[in-house]
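The values are calculated or read from the model by the stated rules, or taken from the named source; none is laboratory data. Because the structure is a prediction, the values reported are computed rather than measured. Cβ: placed from backbone, ideal geometry, glycine included. Neighbour counts: every protein chain shown.
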Amino acid sequence: MIPSLATRGKLVLTTAALMIIVGAFRGAPPLVGMGGGVLVALLAAYLAFFPTAVLLRRKKIELSWWVPPGDQPGGALAPERPFQLHIAYRNHGSRTLRVLSTKVLTGRGLDVSPCVPATVGAGRQVEHTTDVRPAVAGYQVLHGAVLVLGDLLNLFEVHAYFPNPIAVKVFPRPRPAVAPALKLAAGVNSEHVGQHQVRRRGL
């Protein structure tokens with residue numbers, strides 16, 4: 001769990017390197033100094049964000065989730081009917097954490113909507129909900145989640161995997177009730193059922 005450069009951080013690093021290279025070739029010390037200053041600021045931002053990785057190693061960050069009963073009879077879950085997944089982030093550390101994204105790892109039978117970013121203060125808990133759409137019936141498993149934590153300037157990020165499997169059972173859709181067909185009396189031919197004209201011969 002070592003912090004790495006985010007997209008913005010890579011752009012800043014590339015810009016600083018170009019400033020130093022161009023300044024060195026053209027003999028422009030101010031440009032080289034500006035590039036060096038950007039690198040120093042980037043290094044300072046890295047050192048300020050590094051304790052977040054330490055919190056992850058010390059397991060100061062927790063993730064839990066649960067699925068409430070569905071809207072079907074008995075609280076059952078049905079295919080193609082989205083249900084809510086409640087996600088809770090707990091921060092037991094002394095620093096504010098910024099959760100940039102949460103990727104829920106599931107099988108092919110579940111389609112999870114993107115989770116919104118969250119800011120979790122020191123010693124706080126933040127809860128969010130996201131929609132999950134089951135595609136087929138059967139047992140489906142939410143294996144875990146990958147959290148991406150970032151700094152305030154979005155220069156660095158660290159990825160953390162939280163294994164937290166939870167199984168949900170998706171029931172097939174109930175079929176519409178069909179009225180049972182009338183059964184004919186045993187031993188009676190269908191041709192003899194109903195009204196018939198009877199002729200009687202007189203004496």
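Annotations
- Filtering region 9-27 to residues that are more than 20 Å from residue 98 (Cβ to Cβ) and either polar (S, T, N, Q) or exposed (fewer than 14 other Cβ atoms within 10 Å of the Cβ) (or both) leaves 14, 15, 17, 18, 21, 22, 24, 25, 26, 27.
- Scanning region 17-37 for residues that are under 44 Å from the mean Cα position of the chain (by Cα) and either within 15 Å of residue 156 (Cβ to Cβ) or among the aromatic types (Phe, Trp, Tyr) (or both) turns up nothing.
- Evaluated against (1) of a type outside the set (S, T, N, Q); (2) within 30 Å of residue 167 (Cβ to Cβ); (3) over 26 Å from the mean Cα position of the chain (by Cα), residue 45 falls short on exactly one condition, (2).
- Unmet requirement for residue 139, which otherwise passes all of (1) in a strand (DSSP E or B); (2) surrounded by 12 or more Cβ atoms within 10 Å (Cβ to Cβ): (2)
- Restricting region 121-165 to residues that are over 30 Å from residue 7 (Cα atoms) and of a type outside the set (A, V, I, L, M) leaves a set whose member that is farthest from the chain's Cα centre (by Cα) is 138.
- Qualifying residue in region 166-182 (condition: under 30 Å from residue 2 (Cβ atoms), modelled with pLDDT under 90 and assigned to a strand (DSSP E or B)): yes
- Residue that is surrounded by the fewest Cβ atoms within 10 Å (Cβ to Cβ), among those in region 86-121 that are small (Gly, Ala, Ser) and modelled with pLDDT under 90: 94
- Taking every residue in region 32-59 that is within 17 Å of residue 8 (Cα to Cα) and pairing it with any residue that is assigned to a helix (DSSP H, G or I) and hydroxyl-bearing (Ser, Thr, Tyr), at least 6 positions away or on another chain, the pairs with Cβ-Cβ distances below 9 Å are 35/15; 38/15.
- A residue that is over 30 Å from residue 172 (Cβ atoms) and touching a Leu at 6+ places or on another chain (Cβ under 8 Å) can be found somewhere in region 70-89.
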